[in-house]
Structure formats: structure tokens, C-alpha cells
Amino acid sequence: MHLKRIEVSGFRGIKRLSLTLNELTVLVGENAWGKSSLLDALSIALSPDAQLYNFKFSDFHVDYATGHTKMTQLQIVLHWVEDYPGEYQLRKYRGFSPVWITDAEDRRHLYYQINSVVKDDKITTYRDFLNDKGELIPCDETEKLARHLMVLHPVVRIRDARRLRSEAHKENGQNGKERDERARIQRRLDNTCERLMTRPGHVSSGELKSSIKALRSLMDHYFAFTPHSREAKFDRSHFPDRAQYMTNPLDQLTQPQMTKQGRLILMGLLNAFIRARGPVELKRISRPLMILEDPEGRLHPTLLHQAWTFMASMPMQKILTTNSADLTTAVPLRSIRKLIRQPDRTYVYSMEQTRLSRDEERRVTFHVRLHRPSALFARVWLLVEGETEVWLFNEFARMSGYNLAAEGVQIIEFAQSGLKPLIKVARSLGIEWHLVADGDLAGKKYAETVRNLLGTDAERHRLTVLPNRDIEHFLFHNGYEPLFRRLANMPDNNPASPKKIIMRALKRHAKPDVALAMVEYTSEDHIDDIPLLLRWILKRVVAMSRGMV
């Protein structure tokens, strides 16, 4: 069984939010947009210690849009679904028989709701199971089932992957001898991690092997890598990211090509994972939900990719939060969920319902995700045809007093990647966009493509078509003729046509050099000569980024 969806309302930084989860869910979003509150809600609903949380007044959302009004009700709803038909018959799930909901495909679902209300300056919390219409299911053992759900699917939250060691927790195991043995193993692992950090040359291969063996022992005790089923030949093909015969990810630590530094990172991540369970022993029947928050801290991109490859292979549902452009290139595009906070709710955008052809996905991956990975974090894309426009708009924006990077505006050259797939991605991820097209035949085709995709949007909101055949001709006719004549080595009295002058300038100089010359020419004493149309484009995309359009 896996968590399919979580809905939160009135809780801390979230007014309303609904999020669909996959086996891997990657959350991106700006600060104060609800990521931490969402993870807190999950941690409360699925606490590893199986304790029912007592909500406080500070847990209720304050609606600053309506004048600091504190909400008097909060809700957390978890929607669970079977991994495969018939899973509900497993012994560990039999207690839920009164609250299972069966869909048209004979697959079972669970809807678990936590509802907390403030009345007469007192907080009252109700825990219930719901049917598919949101109605309460009468059940005398709701709290017992809620605790059992926590035991089966506890949240293991690694808050900071930079810490490769953490303070020891007391464990409440029943067998004192086993507890002491695990504590001894944990100390050995901690010691090796510390020596690898401080004196890596002094850690022998024997000590490393011993620590990997200790790590395997702890992982096998707390988190089983084998399927939670008695069948030896259990069919796992229904899991999208799991192979039929997947290798234990711990085996990566024994690979000869793995460096000591790489082993340190991976051992540290797993050590932090074990510690993150808190002062409790998870049951063997538990299948944890792992939350990994911002693992990019202090990790070199190479080691970050190595660590993530390792963690991604762990057979459990995972939620990752990140601000790393490098890390988002390593995860499937459809696993990314972008959170955008608006006054009425926090909206979740993803590519899950957007279909890209194989060629479109290849283009987006190569031209955007690999070459401009930070583009997925942008608020606005300014789509331009060529490299010259990229240089010019960035520099003209700076001269006009705008910092496009700080405004969340990313300039993307779309000629190589194609226009339609970029617009599909932008719309799916909640990214505003505006296109600047040349006035030639190709530019007019791009403009027509945009017009066909406008829907209810105003054309001026999404499209600007230059009145000349390209950016060079537009600037030539708007104050930059002296520069082009100088680049073409043509005097003012030469009656050559603008096209001939521009072609000769581009023949004598590469396009990037011409773009830099335009920037230098403008910055010297011609900032006021930046054409009004280009100023308007910059003003519009900045306004879009600030939510003013």
C-alpha cells in the first residue's frame, strides 16, 4: 500500500493544498510556500512513535490576506491505495477491513482524516476514516487503526543530509541484549564516519568493510529491502521504479570503483536515515515513507548525483525537497511537483497529466534540463529565437535597473528545443511565459503557433512580434545604425541598404561579438536609446514575475 494523495487545509503555512504522490515525489518551490508545513503534516499524521498528536493554537493557519485572521479548523486527509490487487488480504492489513473502500477495478482504498477544531478557546481533534464521498465511516476502533497505520507506514524524515552524524537516541527495544549490540554497532559506524571525515587516509579497507557490514546489519533490522510479502517470487512489476530482481542498494558500497569519499557520503546518508526514525524501533512489517529534505547541502554535484542514485534505489516511497538545479536533472520530469502559493491556496503543478512525445521530451531534457536546469525554478520564461537576444535582453535589463535572475525571469532560446514542448512544460509547471518573435517568415510561424495556444490569454500578454525581420534590423532602425556601420566598416556617406550593412557586419564579426558590441555601445552613452518596445517587454515579464499581470 502506498500514499496516493494528501490534502491539507488550515495547517500552519498552508491554507489549502492537495498533492498527488508517486513512488518518488520531488517538491520544489520558493521559501514560505508550504513545503515544510506539508512535511510537518505528514510527520504528525504518520509519526514513527505511533503517538496521536495534540494540536496547538500555533498549528492553525493565519490568513494574512484577510488581515491576520487565524483559522479555527484544520484538516489532514491521507488517501492510500493498494500496490497490487489483493494486497489488502495480507495479515498486516486485515484490521482495516471495516474501512476499506473498493473502486470499480476492485482495488482497495483507505481515506484517513484528522480534523481539529477550535471552539470556546479549546482544541478538539477527531480522527476518522472516510468513504469515497468524504462521509465518515462508523468505526469503534478508529484510534487503534490510526496507530496501526503509523506502525505500517511511518515517516522517516532526514531533515539535513549535511549532518553525517547525529546525536544518539535512546531506544525502547524489548530485548536489552539486542539493544546493546545495536548500540555498539552504531558507535562503530559513527566512529568510521568521523575518521573518514577527519583522517580518510587512516581508514583501512578492513575497517571500511566492517563498517559496511555493520550498516547492513542495522538497515536489515530497521528497514527491510525485501518485499513485504511471504511469497518468494513476488511479482514487483507493478512498481514503476523497481526491477523484478532489484539488487540490494547496500551492494553499491562494496563496488571497487567506489571511492572512500563516495562511501563516506553514502554511509553518512544511510546513517542519518537510521537515526531519523527517532527513539523507536520500527517493526519488521513497516514500510517507511522516506522524506529527504534538501540533500544538496555541502555536497559536490558529482557526489550529490552519486548519493541520489544510491538513495533512489531504496525500495520505499520517497519525498524529496530540493533547491538544487543539478539534482532536478537527475530525477524523472514527471516526479517534480512545483508549489506556488496564492492568496486562496497553494497550487501544485506537475507534468503528470502532460503528454510529451519522445522527441519533445528529448529536446526539453537536453536544451532545458541539462543546459538550463535552473529554468524549472523560474517564475517566468522569456522565450527568444537566438543567442543575440539572450545577451541583449539580459544586459538591457541590467541597464534598465532590473535583475532578471533575482526576479525569477529566465531567458530561453527556443529555436533548437522547439516552441510547443517548452510552452507545454511552462504551463504544466505554473511558469509564466512571453515570446519574442522576429518579423521574418519563420518568426511569423512561431507567432501563429503561439496564437493557436493562447486560449483565453490576451495576445499582448504572451507574444511580441518585432516590426523588422530580426533583432539586428530592428535595432538598426532604432538608433543603432552608427554601430552597425562601424562594425561593417562603412562610412556614413555610403548609400548601402540596411540589409547589406548588417550582413557585412555579421560577416566581419561573429554574432556573439556583435551582441557584445551592442551592449558596450549602449552602456557607453546610449542607455536612453534602448528601444521602447524592448523596455516594454522587460517591464511586462518583470510584472508577470511579481504577479502584477
Work out, step by step, the length gained on full extension between Glu448 and Gln353: first 0.36 nm times the residue separation, then minus their alpha carbon distance; give nm to one decimal. 31.7 nm
Measuring from label point to label point, each 7 Å out along Cα→Cβ, what is the Ile285 to Thr20 span in nm? 3.1 nm
Accessible-area composition of the range 439-523, carbon plus sulfur, in percent [1.4 Å probe]: 50 percent
List the relative contact order of the range 1-116 as a percent without decimals, with contacts defined as Cα pairs under 8 Å and 6+ residues apart. 31 percent
List the pairs from Lys70/Lys283; Lys56/Lys283; Lys318/Lys539; Lys420/Lys539; Lys445/Lys507; Lys92/Lys424 whose alpha-carbon separation is above 31 Å, in the order I gave them. Lys70/Lys283; Lys318/Lys539; Lys92/Lys424
Multiply the residue gap between Gln89 and Phe57 by 0.36 nm, knock off their C-alpha separation, and tell me the result in nm, one decimal place. 7.5 nm
Report the trypsin sites (Lys or Arg not before Pro) located in the range 323-409 that are in a DSSP loop and have at most 11 other Cβ atoms inside 10 Å of their Cβ, or state none. Arg355
Under 5 Å between amide hydrogens, which residues at least 5 positions from Asp83 or on another chain qualify, with H placed 1.01 Å from N in the peptide plane? His2
Sequence order, the range 495-505: Karplus ³J(HN,Hα) from phi using 6.51 cos²θ - 1.76 cosθ + 1.60, θ = phi - 60°, Hz rounded, Gly and Pro as x, gives x, 4, 6, x, 4, 5, 5, 5, 4, 5, 4
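The values are calculated or read from the model by the stated rules, or taken from the named source; none is laboratory data. This structure is a prediction, so every number in the text was calculated from the model and none was measured. All Cβ positions, glycine included, derive from the backbone under ideal geometry; neighbour counts span all protein chains shown. What goes into the accessible areas is simple: the full protein's heavy atoms, side chains included, and nothing from ligands, DNA or RNA. Shrake-Rupley method; radii C 1.70, N 1.55, O 1.52, S 1.80 Å.
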